[in-house]
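Below is one structure, written out as structure tokens; comments come after it.
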Amino acid sequence: MKMNFYVLSKLLSNTTTFLYAGYIAFALSTLSILLKGWHQLDLYLLLLVNFTLIFVHHYLSFRVKFDADLLIILADQLDEKDNENVEQLLQITEKFDKSLGYFKLIAKDKIGRNWEIRFKGCLFLLKIQIILLILQYLVLIVLLFKLLTQ
């Protein structure tokens, strides 16, 4: 089980690369509009979509990175010799949920979930981040197509 924590945390830690790629798409889209299409009202709609996508992308990147850091901390607390100790994992999970609940970072109905569900939730956030990155580049492609066909 401990290895699951480490593998998933390493995967989630690579979210920064996706965020930088999103910043590149955002910068290119914004510069394209400001330099070439600043006089067209419909391009400002794409700019608004672009800003919305980067803000949501940035928030998701923060959440995914936070999850990765928490998984590393939890994995470090698991016993080295007995990484399949269910009782120890339950105790750590209870402390973890209490801490998240204290800071209002977890809904009360999500306290006590098993780790399979939590892992799926982490992967779901990562998938949403990848979809947002694809959407950002689609906006860039549409924008460049509109500007080049004028």
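The values are calculated or read from the model by the stated rules, or taken from the named source; none is laboratory data. Worth saying up front: this structure is predicted, and the values here are computed from it rather than measured. A quick note on method: Cβ atoms are made from the backbone with ideal geometry, for glycine too, and the neighbour counts reach across all protein chains shown.
Of the residues making up segment 26-62, those that are hydrophobic (A, V, I, L, M, F, W, C), in a helix (DSSP H, G or I), surrounded by fewer than 16 Cβ atoms within 10 Å (Cβ to Cβ) and modelled with pLDDT under 90 are Leu34, Leu35, Leu41, Leu45.
Taken as a whole, the structure places Gly121 among residues that are of a type in the set (Gly, Ala, Ser) and either assigned to a helix (DSSP H, G or I) or under 17 Å from Leu8 (Cα atoms) (or both).
Within segment 133-140, does at least one residue satisfy the condition of being within 14 Å of the chain's Cα centre (by Cα) and closer than 30 Å to Tyr44 by Cβ?
Yes, segment 133-140 contains a residue that is within 14 Å of the chain's Cα centre (by Cα) and closer than 30 Å to Tyr44 by Cβ.
Within the set of pairs 6+ apart or on separate chains, which have a first residue in segment 104-121 that is closer than 20 Å to Ala75 by Cα, a second that is in a loop (DSSP other than H, G, I, E, B) and not charged (D, E, K, R), and C-beta atoms under 8 Å apart? Short answer, once both residue conditions are applied: Trp115/Met1.
Scanning segment 24-43 for residues that are touching a helix residue (DSSP H, G or I) at 6+ places or on another chain (Cβ under 7 Å) and either closer than 21 Å to Gln129 by Cβ or of a type outside the set (Gly, Ala, Ser) (or both) returns Ala25, Phe26, Leu28, Ser29, Thr30, Ile33, Lys36, Leu43. Within the option set Lys36, Lys95, being in contact (Cβ under 8 Å) with a residue 60 or more places away in the chain, among the basic types (Lys, Arg) and over 24 Å from Phe18 (Cβ atoms) holds for one residue only, Lys36. Pick from segment 14-25 the residues that are part of a helix (DSSP H, G or I) and not small (Gly, Ala, Ser): which of them is nearest to Leu125 (Cα to Cα)? Only one residue fits best here, namely Thr15.
State yes or no: is Gly112 assigned to a loop (DSSP other than H, G, I, E, B) and touching a helix residue (DSSP H, G or I) at 6+ places or on another chain (Cβ under 8 Å)?
yes
For first residues located in segment 58-74 and of a type in the set (Lys, Arg), partners that are at pLDDT below 95 and assigned to a helix (DSSP H, G or I) and lie 6+ apart or on another chain with Cβ distances below 6 Å form the pairs Lys65/Thr15. Quick one: is Glu94 among the acidic types (Asp, Glu), out of contact with any helix residue (DSSP H, G or I) (no Cβ under 7 Å at 6 or more places or on another chain), at pLDDT 90 or above and part of a helix (DSSP H, G or I)? Criteria met by Glu94.
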